[in-house]
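Accompanying notes for the structure given below.
The values are calculated or read from the model by the stated rules, or taken from the named source; none is laboratory data. Small disclaimer: the values here were computed from a predicted structure and weren't measured. Ideal geometry is used to build each Cβ from the backbone, glycine not excepted, and the neighbour counts take in all protein chains shown.
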Amino acid sequence: MIEKMKFLSLSDMQLMHKTVLVRVDLNVPTKDGKVTDVTRIESLLPTLQYLLNQQAKIVLISHFGRPEADTNPLKWDQKYSLRFIVPTLEKILNHSVQFVPNCVGSEVGQAIKNAAFPSILLLENLRFHKGEEKNDPFFAKQLAEFTNVYVNDAFSCSHRAHASVVGVTEYLPAAAGLSLECELKHLESCLNKPNHPLVAIVGGSKISTKLELLTNLCQKVDTLIIGGAMANTLLAADGIDVGQSLYEPELFELARTILKTSKAEILLPEDVVVASELTETAKSEVVSIHAITGDKKAFDLGPKTISKIMHVLENAKTVVWNGPVGAFEFAPFAHGTMSIAKALAEFTQKGQCMSVAGGGDSVAALSIAGVKDKLSYVSTAGGAFLEWLEGKPLPGVEALARKYSRTSI
Ligand code: ADP
Ligand code: MG
């Protein structure tokens, strides 16, 4: 858990007619060179509008994909160039954007010098340079060279100790952007100072990917609801025969430790939806967890378990959700996940609880249920959201806090 951290906000800075280096996350999903989801770009609007109102020169920096870094720009694979995103940016920001085909060096300095107040420039993919992922101080200094202030508005990149997130704060006054601040505020209000009862729902396919998450949550929340295939491992560790269901025997020991040491009440499935195959047309049936036989596999929660969960959610004041509780991509096994999504939306809308959800597949499930905008907050930060739930400090946020403790305003 990150402690409540102090850092500078945009409103603490003198930004009028300043040149501002803004770390954003333009690592957006694409298909055939087109952006398929603009959520991340839209989330930048408040910060960029604020800076335009201050007549600032805005210099956007981001990574995109995982290109091979090289000191020779001619060797950069153009498939990873950020140039393609300019038209989409211009449309959403309703402002022209000038692309600069490098992120450091004299070419960048010249472009910034020639730009008007206010203006928006987008620099080339940070990861074309080795120094970015290595958090190399020389590269960080080069990034800072032509600007007056640094702003981090990329919460989703803040779990990585890279030069554009951490190192650069050594060389410029540094502040949090509005979207980063908004994300942190929501996350803190649900785990750092929540209203109780506090309930967490964790699902997904493998315990091994979410061990730290479970370990952290079972010490923090009042009730921990576990679904999805990871529930199978806990049930099996407890001596229940889960048949051919997906589970991880090598994690039995750890699963038992979680069950034994949990401060939270752990709610596991009592009944499940089983089938022999994971398909749209699979013949499914509901069975008790003590009656999973033959080649059957558990792919979703059963009605008894769902109604027990509904009861817990009805009384909850704060709910955190990561991971679908069933193989929701297939209609016969979507009921558990859809029921939870709809119930959370209803209880949130009625003002009964505050709800926060995150995780790639969980957000997809919320979209399918049509309730993505009906929860208190949906985090699209992926890895950063998970690391935050695991209780790990986020290097990008820590860097802002370190800077703050050394700055007097
Ligand atoms: P998120 O992306 O939200 O963090 P995960 O990636 O951990 O979630 O898990 C999502 C995946 O877990 C989905 O593809 C879903 O089909 C799968 N899953 C959930 N329950 C089961 C189950 N009982 N058996 C097999 N797969 C499951
Ligand atoms: Mg996933």
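Residues in segment 349-369 that are of a type outside the set (Gly, Ala, Ser) and either closer than 16 Å to LEU191 by Cβ or away from ligand 1 (no atom under 15 Å from the Cβ) (or both): GLN349, LYS350, GLN352, CYS353, MET354, VAL356. When segment 304-327 is limited to residues that are in a helix (DSSP H, G or I) and not β-branched (Val, Ile, Thr), the one that is surrounded by the fewest Cβ atoms within 10 Å (Cβ to Cβ) turns out to be HIS311.
Could you look through segment 248-268, keep only residues that are out of contact with any strand residue (DSSP E or B) (no Cβ under 9 Å at 6 or more places or on another chain) and either in a loop (DSSP other than H, G, I, E, B) or of a type in the set (Phe, Trp, Tyr) (or both), and pick out the one that is surrounded by the fewest Cβ atoms within 10 Å (Cβ to Cβ)?
Our first condition is that a residue be out of contact with any strand residue (DSSP E or B) (no Cβ under 9 Å at 6 or more places or on another chain); within segment 248-268, this holds for 248-257, 260-261, 263.
Filter once more, so that each one left must be either in a loop (DSSP other than H, G, I, E, B) or of a type in the set (Phe, Trp, Tyr) (or both): 248, 252, 263.
Working: GLU248: 18, PHE252: 17, LYS263: 11.
The selected residue is LYS263.
Residue count for segment 190-206, restricted to those that are modelled with pLDDT under 95, away from ligand 2 (no atom under 16 Å from the Cβ) and within 17 Å of the chain's Cα centre (by Cα): 2. All conditions but one from (1) at pLDDT below 95; (2) surrounded by fewer than 19 Cβ atoms within 10 Å (Cβ to Cβ); (3) over 23 Å from LEU217 (Cα atoms) apply to TYR404; the one that does not is (2).
Yes/no matrix, rows are residues, columns are (1) within 13 Å of ligand 1 (Cβ to nearest atom); (2) over 20 Å from the mean Cα position of the chain (by Cα); (3) in a helix (DSSP H, G or I); (4) modelled with pLDDT of 95 or more:
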| residue | (1), (2), (3), (4) |
| --- | --- |
| SER208 | yes, no, yes, no |
| LEU213 | yes, no, yes, no |
| ASN216 | no, no, yes, no |
| LEU224 | no, yes, no, yes |
| MET230 | yes, yes, yes, no |
| ALA236 | yes, yes, yes, yes |
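The set of residues from segment 157-191 being within 15 Å of PRO395 (Cα to Cα), out of contact with any Ser or Thr (no Cβ under 8 Å at 6 or more places or on another chain) and of a type in the set (A, V, I, L, M) comprises ALA161, ALA163, VAL166, VAL168, ALA174, LEU184.
Among the residues in segment 165-183, are any touching a Cys at 6+ places or on another chain (Cβ under 8 Å), in a loop (DSSP other than H, G, I, E, B) and more than 16 Å from ligand 2 (Cβ to nearest atom)? Checking segment 165-183: at least one residue is touching a Cys at 6+ places or on another chain (Cβ under 8 Å), in a loop (DSSP other than H, G, I, E, B) and more than 16 Å from ligand 2 (Cβ to nearest atom). Any residue at all in segment 52-63 that is assigned by TED's automatic domain parsing to the domain that holds THR169, within 27 Å of CYS182 (Cβ to Cβ) and part of a helix (DSSP H, G or I)? Among the residues of segment 52-63, at least one is assigned by TED's automatic domain parsing to the domain that holds THR169, within 27 Å of CYS182 (Cβ to Cβ) and part of a helix (DSSP H, G or I), which makes the answer yes. Being surrounded by fewer than 23 Cβ atoms within 10 Å (Cβ to Cβ), of a type outside the set (Ser, Thr, Tyr) and free of Cβ contacts under 8 Å to residues at least 40 places away in the same chain is a condition met by at least one residue of segment 142-150.
Restricting PRO46, PRO67 to those that are assigned by TED's automatic domain parsing to the domain that holds ALA144, modelled with pLDDT of 95 or more, surrounded by 15 or more Cβ atoms within 10 Å (Cβ to Cβ) and over 20 Å from VAL100 (Cα atoms) reduces the list to PRO46. Among the residues of segment 355-375, those identified as of a type outside the set (D, E, K, R), buried (at least 17 other Cβ atoms within 10 Å of the Cβ) and away from ligand 2 (no atom under 16 Å from the Cβ) are SER355, VAL356, ALA369, VAL371, LEU375. Please go through segment 309-332 and pick out each residue that is within 9 Å of ligand 1 (Cβ to nearest atom) and more than 19 Å from the chain's Cα centre (by Cα). Listed by number, the residues that qualify are GLY326, ALA327, PHE328, GLU329, PHE330.
The number of residues in segment 356-383 being out of contact with any Pro (no Cβ under 7 Å at 6 or more places or on another chain), in contact (Cβ under 8 Å) with a residue 60 or more places away in the chain and at negative phi comes to 7. Would you mention how many residues in segment 335-354 are more than 16 Å from ligand 2 (Cβ to nearest atom) and either hydroxyl-bearing (Ser, Thr, Tyr) or closer than 22 Å to ALA231 by Cα (or both)? Total meeting the criteria: 9.
Here LEU187 fulfils each of the conditions (1) more than 13 Å from ligand 1 (Cβ to nearest atom); (2) touching a helix residue (DSSP H, G or I) at 6+ places or on another chain (Cβ under 9 Å); (3) at pLDDT 90 or above apart from (3).
Would segment 391-400 turn up any residue that is within 16 Å of ligand 2 (Cβ to nearest atom) and either touching a residue at least 40 places away in the same chain (Cβ under 8 Å) or among the small types (Gly, Ala, Ser) (or both)? Spell out how you get there, then give the answer.
First, pick out the residues of segment 391-400 that are within 16 Å of ligand 2 (Cβ to nearest atom): none.
Among the residues of segment 391-400, not one is within 16 Å of ligand 2 (Cβ to nearest atom) and either touching a residue at least 40 places away in the same chain (Cβ under 8 Å) or among the small types (Gly, Ala, Ser) (or both), which makes the answer no.
The residue list PHE99, PHE117 contains one member that is outside any loop (DSSP other than H, G, I, E, B) and either at pLDDT below 95 or in contact with a strand residue (DSSP E or B) (Cβ under 8 Å, 6 or more places away or on another chain) (or both), which is PHE99.
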